[in-house]
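Please treat every number below as a calculation from the coordinates, not as lab data. Note that the structure is a prediction, hence the values are computed from the model and not measured. As a convention, Cβ positions derive from the backbone with ideal geometry for all residues, glycine included, and neighbour counts pool all protein chains shown.
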Amino acid sequence: MRTALLLLLFSITSIGFSQTFRETIESKKLGEAREFNVVLPPGYEQNIDKKYPVLVILDGEYLASPFTGILKYGAYWDDLPEMIVVSVFQNGDKRFQDSEFDEAGLPSGTGANFFEFIGFELLPYVEGKYRTQPFRIIAGHDTTAGFLNFYLYKDNPIFNGYISLAPEFAPDMEKRVADRLAVITKPIFYYQASGEGDLKELQERAAILDQNINAIPDKSFKYRSDIIKGASHYSLVAQAIPQALYFIFDGYQPISMVEFQEKILKLDSGYAQYLIDKYKNLEEKLGLKIQPRLTDFKAIEAAIIKNKAYPELQELSKYAEKQYPKTTLSIYHQALYYEKMGEYKKAVKEYKRAFSREPIRELTKDFMLSRAESLKDKEDDSKVEEYAEPLPEEGTTEDGSEKKEGEE
């Protein structure tokens, strides 16, 4: 009985954790029906306003599981964003037909049809049916890894991220990809991996592409190439996938202890701006509009206190008001500023304002009122003047330059 109950609970949990749907498109481009799987994030049904990036996986029969496994693991620790995963089935010879190219190294025949199927039928279908963000990644292995590069040949590529695992290139592809990356203006993330034990020809051509890309001056794209030691043509996949995803979503992770100590604490100023820029970059470069994490607010607060940059608490308060309106977060940072600056009466008044706000994490109304109570009998000892910007010397302007004759 106990075993049966555990199995039932496990099945319910599994259903709730992974929502997989088998879809079919009657493709005009291919002249046939094409099946694919769509895997939705665990919280898709609950977070009805949330939108997700899209990952299109070619060779979905065997690449889908390692990709979804790493994505679930990363999302559990909030290291990777949740994504909508689209796995395209290409059993047997279908993958070679889908990747067909001509002697000039361009998609042709069934390859040209499949190229258009992805852009004109598959993506519009998925993005019309599901809640997606405008950030798309495509991934493939050997033949399909070479094929995905064709999307870079367009002036405005439909994909932002490219994961090329042990690629088999079309003619002249190692030059064309580099040439295209040098001129594409939209943010592009390009990851390539080869196995140390792979075929020599594949390694050599991947190495030439690597050289060509590295020779590009003033890169406006993000690029990484890995040679997986001891890996074969097939075993490299399991090792390269997490490398690729963490490379593309570098900066998505919460502020770590290493980042806090090695980057943030060493700043002379601009702690609050560091937090603002972190999430601004995620939106501008990855199309990920996410609410800043409360743990990141705490990290920046700790850096401000550690370096006694108390006026920045006011900037942090303003940012908190935009991101978490109606909560006690912004009030807490403003009140903490007054407290650290020795303006206790203002601090008490500010802490008491929390009574009209919704609590957030440990910043409950009781906590805020207890902070006010602990300060009510303290006499003001203002440090505002200590932190005031110094007045310009006589005979100079505010920026320190010498006044011209006749200037006030």
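Simple spin-label estimate for residue 283 and residue 200 gives 5.4 nm between the two label positions (7 Å along the Cα-to-Cβ direction from each Cα). Summing Cβ point charges (Lys, Arg +1; Asp, Glu -1) relative to the Cα centre of the chain gives a dipole of roughly 1560 debye. Given the choices (i) 0.94; (ii) 0.96; (iii) 1.09, Rg/Rh (Cα atoms, Kirkwood Rh) derived from the coordinates of this structure is entry (iii). Charge dipole (Cα centre; +1 on Lys/Arg Cβ, -1 on Asp/Glu Cβ; no other charges) of the range 257-387 amounts to roughly 440 debye.
Counting every other Cβ atom within 10 Å of each residue's Cβ, 350, 116 order from fewest to most as 116, 350.
Among the listed pairs 29/50; 72/278; 154/280; 318/352; 352/383; 72/229, those whose Cα-Cα separation exceeds 20 Å are 29/50; 72/278; 154/280; 352/383; 72/229. If R0 is taken as 35 Å, the Cβ-Cβ distance between residue 120 and residue 322 corresponds to a FRET efficiency of 0.35. Need the C-alpha centroid separation for the range 102-153 versus the range 256-333, integer Å. Computed from Cα coordinates, the inter-centre distance equals 38 Å.
Need the full-extension length gain, residue 208 to residue 73, defined as separation in residues times 0.36 nm minus the C-alpha distance. One decimal, nm. In short, 45.2 nm is gained. As a proxy for reagent exposure, 368, 257 were ordered by neighbouring Cβ count within 10 angstrom, fewest first; the result is 257, 368. Listing 296, 142, 78, 98 from fewest to most neighbouring C-beta atoms within 10 Å gives 78, 296, 142, 98.
Of 344, 177, 192, which is farthest on the positive side of the dipole of the chain, counting Cα position, with +1 on Lys and Arg Cβ, -1 on Asp and Glu Cβ, and the Cα centre as origin? Toward the positive end, the furthest listed residue is 344.
Here the peptides 270-279, 39-48, 157-166 are ranked by packing, the mean other Cβ count within 10 Å, and the order with the highest first is 157-166, 270-279, 39-48. Annotation: for a label point projected 7 angstrom from Cα along Cα→Cβ of residue 238, residues of the range 63-94 with backbone N closer than 16 Å are 63-71.
Local charge for residue 231 was computed over the other residues whose Cβ lies under 10 Å away, with Lys and Arg +1 and Asp and Glu -1, and equals -2.
For the range 15-248, the dipole from Cβ point charges (+1 on Lys and Arg, -1 on Asp and Glu) about the Cα centre works out to 620 debye, to the nearest 20. Within the listed set 107, 217, 187, the Gaussian network model of the chain (springs between alpha-carbon atoms below 10 Å) gives the highest mean-square fluctuation for 217. List the residues of the range 330-364 whose backbone N lies under 12 Å from a point placed 7 Å from the Cα of residue 376 along the Cα-to-Cβ direction. From the range 330-364, the list is 348-349, 352.
Modelled spin labels at residue 290 and residue 218, positioned 7 Å past Cα toward Cβ, are 3.2 nm from each other. With the simple model of a label 7 Å out from the Cα in the direction of the Cβ, residue 268 to residue 108 spans 6.1 nm.
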